Amino acid sequence: MEQQIKLQSVREWLRLYEETYQLLHGDKDMNINEAFPSKFLKAADLEGKKIKLQIDRISMENFDDDAKPTAYFVGKEKGMVLNKTNSMILGAEYGPETDNWVGKSISLYSKKVSYNGSMVDSLAVEPFKEVSETDAQF
């Protein structure tokens with residue numbers, strides 16, 4: 001009987017603790033990426049997936065005192081701000097004139113990169129290449 005009372009007391013304490021925690025810290029199911037939406041793609045938007053996209057247009061977007069090339073994709077709302085690495089990868093494949101990139105397909109994925117001494121998730125691109133079983137003969 002005494003053990004049963006202790007067990008009930010522990011359960012009640014846990015319930016009160018969880019309720020207090022939620023009051024102090026808010027909804028425990030909140031996603032921080034949803035709290036700060038962006039019109040531009042982030043690595044978290046891909047949820048670890050590698051996806052195929054078709055370039056719809058490249059335009060310059062203003063950020064404070066700077067303008068950066070931004071890729072927009074067919075059927076997608078968010079654009080991807082192109083860093084120098086991704087711009088150079090696309091330029092090496094499709095040429096330096098961004099008008100020639102329109103209609104081309106790319107693979108978009110996230111990968112870890114070193115930034116300011118920390119490893120962070122970053123968006124990465126590569127030209128999309130169709131692969132079939134007959135292409136991989138050993």
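Dipole size in debye (nearest 20) for the chain around its Cα centre, Lys and Arg Cβ +1, Asp and Glu Cβ -1?
On the way: 18 positive and 23 negative charges, 43 e Å.
Value, rounded to 20: 200 debye.
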Spacing of the two label points (7 Å from each Cα toward its C-beta) at residue 9 and residue 107, in nm: 6.1
Relative contact order [Cα under 8 Å, 6+ residues apart], segment 19-114, whole percent: 32
Using alpha-carbon coordinates, inclination of helix 84-94 to the longest axis of the chain, degrees: 40
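Give me the one-decimal Kirkwood hydrodynamic radius in Å for the chain, with the sum taken over alpha-carbon pairs. Can you show the working numbers first?
Working: mean 1/r = 0.0528 Å⁻¹.
Evaluated on the chain, it is 18.9 Å.
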Folded to 0 to 90 degrees: helix 2-25 orientation relative to the chain principal axis, Cα: 40
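Which value at 222 nm does the chain reach when only helices count, each DSSP H run of 4 or more adding -39,500 (n - 2.57), with the total divided by all residues and rounded to the nearest 500 deg cm²/dmol?
Mean residue ellipticity at 222 nm (helix-derived): -9000 deg cm²/dmol.
Values quoted throughout were computed directly from the atomic coordinates according to the rules given, and no laboratory measurement underlies them. Computed from a predicted structure; not experimentally measured. Backbone-built Cβ (ideal geometry, glycine too); neighbour counts: all protein chains shown.
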